């Protein structure tokens, strides 16, 4: 299927690995010039090189910034030109007992998971409206709807992303600019893979056995397996395309059936 994205430019935050890189790669495969982002120059260079090798023909580039540092975010915005597609993917993730989460940690999660999207969207939205076309997408989580007790800080920030996307969409009324959110489920990203492999090594157990045990603890998943990052990326690519012109202000699920309510 031709999703009609040739010649567009996209910026994907937090995209040197995992879901972010899968999104960057899926967009690049459709003829999009992609700007990747990460905290380290080495990882950004490696991601750009990989994109150029796997998807030649476009001048893929990268910008280094740590979104937990406001000065880094400001510098990135100074260097980021016009983009047609903004993917707000960067995010922190981790298990923690609620009583142990300090104010500083709450602030760090809000800075990265929420304020990165605020600042980037504020930077690009006016230009998109003036040019008459654009896509802003937030990569949130089912945890933003069903907040887990052992990741309250994560769930709250993912809920805020959903709210932010819904509010921004109302600013696009009557235009060809859309703002949507994707709700992912348990995904076998690079970070999750590293954790699973470490657990498997410590228990002298096969990696697949640990993966199945972790998924088995989630009794509501209909998929009964981890989601591949590419499966999230395909939905994001569709929503970034002109084919999704009637979808705006929505929170679209790619959660493997973890959320059980109809709406």
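Test residue 125 against the criterion of being more than 28 Å from residue 226 (Cβ to Cβ), more than 20 Å from the chain's Cα centre (by Cα) and assigned by TED's automatic domain parsing to the domain that holds residue 83, and give yes or no. First the steps, then the outcome.
Working: more than 28 Å from residue 226 (Cβ to Cβ): yes; more than 20 Å from the chain's Cα centre (by Cα): no; assigned by TED's automatic domain parsing to the domain that holds residue 83: yes.
No.
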Going by the structure shown, is residue 70 more than 21 Å from the chain's Cα centre (by Cα) and either without any contact (Cβ under 8 Å) to a residue 24 or more places away in the chain or over 26 Å from residue 133 (Cα atoms) (or both)? no
Failed condition for residue 257, given (1) assigned to a loop (DSSP other than H, G, I, E, B); (2) touching a strand residue (DSSP E or B) at 6+ places or on another chain (Cβ under 7 Å), with all others met? (2)
Is it fair to say residue 144 is in contact with a strand residue (DSSP E or B) (Cβ under 6 Å, 6 or more places away or on another chain), within 21 Å of residue 23 (Cβ to Cβ) and assigned by TED's automatic domain parsing to the domain that holds residue 69? no
When you scan the range 57-73, do you find a residue that is at pLDDT below 95, assigned to a loop (DSSP other than H, G, I, E, B) and buried (at least 16 other Cβ atoms within 10 Å of the Cβ), even just one? yes
Can you name the number of the only condition in (1) crowded, with 17+ Cβ neighbours inside 10 Å; (2) touching a helix residue (DSSP H, G or I) at 6+ places or on another chain (Cβ under 7 Å); (3) in a helix (DSSP H, G or I) that residue 106 fails? (1)
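The values are calculated or read from the model by the stated rules, or taken from the named source; none is laboratory data. This one's a predicted model, so the numbers in the text were calculated from it and none came from an experiment. Cβ: placed from backbone, ideal geometry, glycine included. Neighbour counts: every protein chain shown.
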